[in-house]
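S.K.: Starting off with a structure, shown below.
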Amino acid sequence: MPDETNISPSSGSRDPLFKERPREKSFPTSAFAVAAVVVVIAIAAVLVIGRRGSGPPGGAAYAANLELTNLQPSQSESLSGGRSTYLDGHIVNHGNQTVTGVTVQAVFGVDGGTPQTLTAPVSVIRTREPYVDTQPLSAAPLAPGAGADFRLIFEGVGDSWDQKTPTVQILQVSTR
(Lines give C-alpha, C1' and ligand atoms only; values in the text may rest on other atoms or scores of the structure.)
Protein backbone atom coordinates (compact mmCIF):
# COMPACT_ATOMS: atom_id res chain seq x y z
CA MET A 1 0.00 0.00 0.00
CA PRO A 2 1.34 3.44 -0.88
CA ASP A 3 2.28 5.83 1.81
CA GLU A 4 -0.26 8.71 1.69
CA THR A 5 1.23 10.59 4.58
CA ASN A 6 4.06 12.02 2.45
CA ILE A 7 1.69 13.87 0.04
CA SER A 8 0.57 17.24 1.27
CA PRO A 9 -1.82 19.62 -0.49
CA SER A 10 0.78 22.37 -0.53
CA SER A 11 3.53 20.24 -2.08
CA GLY A 12 1.41 19.39 -5.13
CA SER A 13 0.78 16.11 -6.77
CA ARG A 14 2.47 14.61 -9.72
CA ASP A 15 -0.79 13.08 -10.93
CA PRO A 16 -1.91 14.79 -14.21
CA LEU A 17 -5.53 14.91 -12.97
CA PHE A 18 -4.60 17.39 -10.30
CA LYS A 19 -2.42 19.72 -12.39
CA GLU A 20 -3.74 23.20 -13.08
CA ARG A 21 -4.70 23.55 -16.72
CA PRO A 22 -3.27 26.43 -18.73
CA ARG A 23 -5.69 29.28 -19.33
CA GLU A 24 -7.14 29.56 -22.83
CA LYS A 25 -7.32 32.85 -24.73
CA SER A 26 -10.71 34.48 -24.54
CA PHE A 27 -10.91 35.17 -28.33
CA PRO A 28 -8.70 33.11 -30.64
CA THR A 29 -6.73 35.02 -33.24
CA SER A 30 -7.72 32.52 -35.92
CA ALA A 31 -11.44 33.25 -35.34
CA PHE A 32 -10.75 36.97 -35.75
CA ALA A 33 -8.88 36.37 -39.01
CA VAL A 34 -11.72 34.22 -40.41
CA ALA A 35 -14.30 36.86 -39.45
CA ALA A 36 -12.24 39.59 -41.17
CA VAL A 37 -12.00 37.54 -44.37
CA VAL A 38 -15.78 36.93 -44.35
CA VAL A 39 -16.46 40.67 -43.96
CA VAL A 40 -14.11 41.54 -46.85
CA ILE A 41 -15.77 38.94 -49.10
CA ALA A 42 -19.26 40.24 -48.19
CA ILE A 43 -18.28 43.84 -49.00
CA ALA A 44 -16.75 42.78 -52.32
CA ALA A 45 -19.91 40.81 -53.23
CA VAL A 46 -22.15 43.80 -52.47
CA LEU A 47 -19.99 46.07 -54.64
CA VAL A 48 -19.96 43.61 -57.55
CA ILE A 49 -23.73 43.01 -57.41
CA GLY A 50 -24.48 46.73 -57.14
CA ARG A 51 -22.29 47.56 -60.14
CA ARG A 52 -23.78 44.77 -62.26
CA GLY A 53 -27.32 46.16 -61.85
CA SER A 54 -26.44 49.63 -63.13
CA GLY A 55 -25.01 48.60 -66.49
CA PRO A 56 -21.67 49.76 -67.83
CA PRO A 57 -19.71 52.39 -65.93
CA GLY A 58 -21.22 55.83 -66.37
CA GLY A 59 -24.82 54.52 -66.48
CA ALA A 60 -26.12 57.59 -64.61
CA ALA A 61 -24.25 59.83 -67.06
CA TYR A 62 -26.20 58.12 -69.85
CA ALA A 63 -29.27 60.10 -68.74
CA ALA A 64 -28.08 62.95 -70.99
CA ASN A 65 -28.91 60.66 -73.96
CA LEU A 66 -32.54 60.22 -72.92
CA GLU A 67 -35.30 62.66 -73.78
CA LEU A 68 -38.61 62.77 -71.90
CA THR A 69 -41.40 64.65 -73.69
CA ASN A 70 -45.21 65.06 -73.79
CA LEU A 71 -45.60 64.74 -70.01
CA GLN A 72 -49.27 64.58 -68.99
CA PRO A 73 -50.44 64.02 -65.41
CA SER A 74 -53.68 62.31 -64.39
CA GLN A 75 -55.20 60.73 -61.30
CA SER A 76 -57.59 57.90 -60.48
CA GLU A 77 -59.22 56.64 -57.31
CA SER A 78 -59.73 53.00 -56.43
CA LEU A 79 -62.89 51.56 -54.97
CA SER A 80 -61.11 51.32 -51.61
CA GLY A 81 -60.48 55.07 -51.59
CA GLY A 82 -56.80 55.04 -52.57
CA ARG A 83 -55.53 57.45 -55.16
CA SER A 84 -52.88 56.92 -57.84
CA THR A 85 -51.21 59.70 -59.78
CA TYR A 86 -49.97 58.93 -63.29
CA LEU A 87 -47.52 60.79 -65.45
CA ASP A 88 -47.60 59.63 -69.07
CA GLY A 89 -45.02 60.70 -71.62
CA HIS A 90 -42.65 59.66 -74.37
CA ILE A 91 -39.00 58.62 -73.96
CA VAL A 92 -36.39 58.57 -76.75
CA ASN A 93 -32.93 56.98 -76.53
CA HIS A 94 -30.51 59.22 -78.45
CA GLY A 95 -27.46 57.26 -77.25
CA ASN A 96 -25.62 54.19 -78.54
CA GLN A 97 -26.56 51.71 -75.78
CA THR A 98 -29.72 49.75 -75.09
CA VAL A 99 -31.60 51.07 -72.05
CA THR A 100 -33.00 48.39 -69.72
CA GLY A 101 -34.14 50.55 -66.80
CA VAL A 102 -34.75 54.16 -65.83
CA THR A 103 -35.67 55.62 -62.45
CA VAL A 104 -36.91 59.19 -62.27
CA GLN A 105 -37.60 61.75 -59.57
CA ALA A 106 -40.73 63.90 -59.89
CA VAL A 107 -41.22 67.12 -57.95
CA PHE A 108 -44.91 67.91 -57.42
CA GLY A 109 -45.67 71.56 -56.73
CA VAL A 110 -47.70 72.28 -53.61
CA ASP A 111 -49.96 75.30 -53.08
CA GLY A 112 -48.21 77.46 -50.49
CA GLY A 113 -45.88 74.75 -49.20
CA THR A 114 -42.81 72.65 -49.75
CA PRO A 115 -42.89 70.62 -53.00
CA GLN A 116 -43.31 66.86 -52.69
CA THR A 117 -40.56 64.71 -54.24
CA LEU A 118 -41.24 61.10 -55.26
CA THR A 119 -39.33 58.52 -57.31
CA ALA A 120 -40.64 55.86 -59.69
CA PRO A 121 -39.34 53.45 -62.34
CA VAL A 122 -40.28 54.08 -65.98
CA SER A 123 -42.81 51.51 -67.25
CA VAL A 124 -43.39 51.21 -70.98
CA ILE A 125 -46.99 51.28 -72.20
CA ARG A 126 -47.71 47.97 -73.91
CA THR A 127 -51.35 48.50 -74.91
CA ARG A 128 -53.92 51.27 -74.55
CA GLU A 129 -57.18 49.42 -75.33
CA PRO A 130 -59.36 48.54 -73.49
CA TYR A 131 -57.15 49.99 -70.71
CA VAL A 132 -53.53 51.06 -70.35
CA ASP A 133 -51.26 48.09 -69.68
CA THR A 134 -47.62 48.66 -68.74
CA GLN A 135 -44.50 46.54 -68.41
CA PRO A 136 -41.06 47.23 -66.95
CA LEU A 137 -38.50 48.74 -69.28
CA SER A 138 -36.36 45.64 -68.67
CA ALA A 139 -39.04 43.55 -70.46
CA ALA A 140 -39.03 45.88 -73.48
CA PRO A 141 -35.55 47.50 -73.61
CA LEU A 142 -35.13 50.74 -75.51
CA ALA A 143 -32.67 50.28 -78.37
CA PRO A 144 -30.42 53.11 -79.59
CA GLY A 145 -32.52 55.61 -81.57
CA ALA A 146 -35.83 54.10 -80.42
CA GLY A 147 -38.65 55.74 -78.53
CA ALA A 148 -41.64 54.51 -76.52
CA ASP A 149 -44.61 55.81 -74.58
CA PHE A 150 -44.23 55.39 -70.83
CA ARG A 151 -46.15 55.73 -67.59
CA LEU A 152 -44.92 56.68 -64.15
CA ILE A 153 -47.15 55.62 -61.27
CA PHE A 154 -47.03 57.49 -57.96
CA GLU A 155 -48.85 56.62 -54.75
CA GLY A 156 -49.21 59.13 -51.94
CA VAL A 157 -49.23 62.43 -53.81
CA GLY A 158 -50.64 64.92 -51.30
CA ASP A 159 -54.01 66.66 -51.56
CA SER A 160 -52.23 70.02 -51.76
CA TRP A 161 -50.65 69.19 -55.15
CA ASP A 162 -51.20 72.19 -57.44
CA GLN A 163 -52.25 69.90 -60.36
CA LYS A 164 -49.44 71.24 -62.58
CA THR A 165 -47.13 68.89 -64.48
CA PRO A 166 -44.33 67.90 -62.08
CA THR A 167 -40.69 68.55 -62.85
CA VAL A 168 -39.01 65.26 -63.79
CA GLN A 169 -35.31 64.38 -63.50
CA ILE A 170 -33.67 61.07 -64.42
CA LEU A 171 -31.85 59.61 -61.39
CA GLN A 172 -30.62 56.24 -62.61
CA VAL A 173 -30.19 54.50 -65.95
CA SER A 174 -29.38 50.83 -66.56
CA THR A 175 -27.89 49.94 -69.94
CA ARG A 176 -26.36 47.02 -71.71
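S.K.: On the basis of being more than 14 Å from Leu68 (Cβ to Cβ), among the polar types (S, T, N, Q), open to solvent by 70 Å² or more (accessible area, probe 1.4 Å) and in contact (Cβ under 8 Å) with a residue 24 or more places away in the chain, does Ser138 make the cut?
M.R.: In short, yes.
S.K.: Right, another one. Looking at the structure I just gave you, is Ser160 over 14 Å from Ser74 (Cβ atoms), modelled with pLDDT under 90 and surrounded by 13 or more Cβ atoms within 10 Å (Cβ to Cβ)?
M.R.: Criteria met by Ser160.
S.K.: Going by the conditions given, is Arg151 open to solvent by 50 Å² or more (accessible area, probe 1.4 Å) and of a type outside the set (S, T, N, Q)?
M.R.: Considered against the rule, which asks whether it is open to solvent by 50 Å² or more (accessible area, probe 1.4 Å) and of a type outside the set (S, T, N, Q), Arg151 comes out as no.
S.K.: Pull up the stretch 108-128, narrow it to residues that are of a type in the set (Ser, Thr, Tyr) and touching a residue at least 12 places away in the same chain (Cβ under 8 Å), then point me to the one that is nearest to Phe154 (Cα to Cα).
M.R.: Thr119
S.K.: Kindly indicate whether Ser74 is in contact with a strand residue (DSSP E or B) (Cβ under 7 Å, 6 or more places away or on another chain), at pLDDT 80 or above and not aromatic (Phe, Trp, Tyr).
M.R.: yes
S.K.: Within the stretch 120-135, track down each residue that is open to solvent by 30 Å² or more (accessible area, probe 1.4 Å) and not aliphatic (A, V, I, L, M).
M.R.: Pro121, Arg126, Thr127, Arg128, Glu129, Pro130, Tyr131, Asp133, Thr134, Gln135
S.K.: Okay, moving on. Restricting to the stretch 135-176, give me the number of residues that are over 17 Å from Ile91 (Cα atoms), β-branched (Val, Ile, Thr) and touching a Gly at 6+ places or on another chain (Cβ under 7 Å).
M.R.: Going through the stretch 135-176 one residue at a time, the tally reaches 0.
The values are calculated or read from the model by the stated rules, or taken from the named source; none is laboratory data. What you see is a predicted model, and the numbers here were worked out from it, not measured in a lab. All Cβ positions, even for glycine, are placed from backbone atoms using ideal geometry, and neighbour counts span all protein chains on display. Each accessible area value is taken on the protein alone, full model and side chains, heavy atoms only, with ligands, DNA and RNA left out. Shrake-Rupley method; radii C 1.70, N 1.55, O 1.52, S 1.80 Å.
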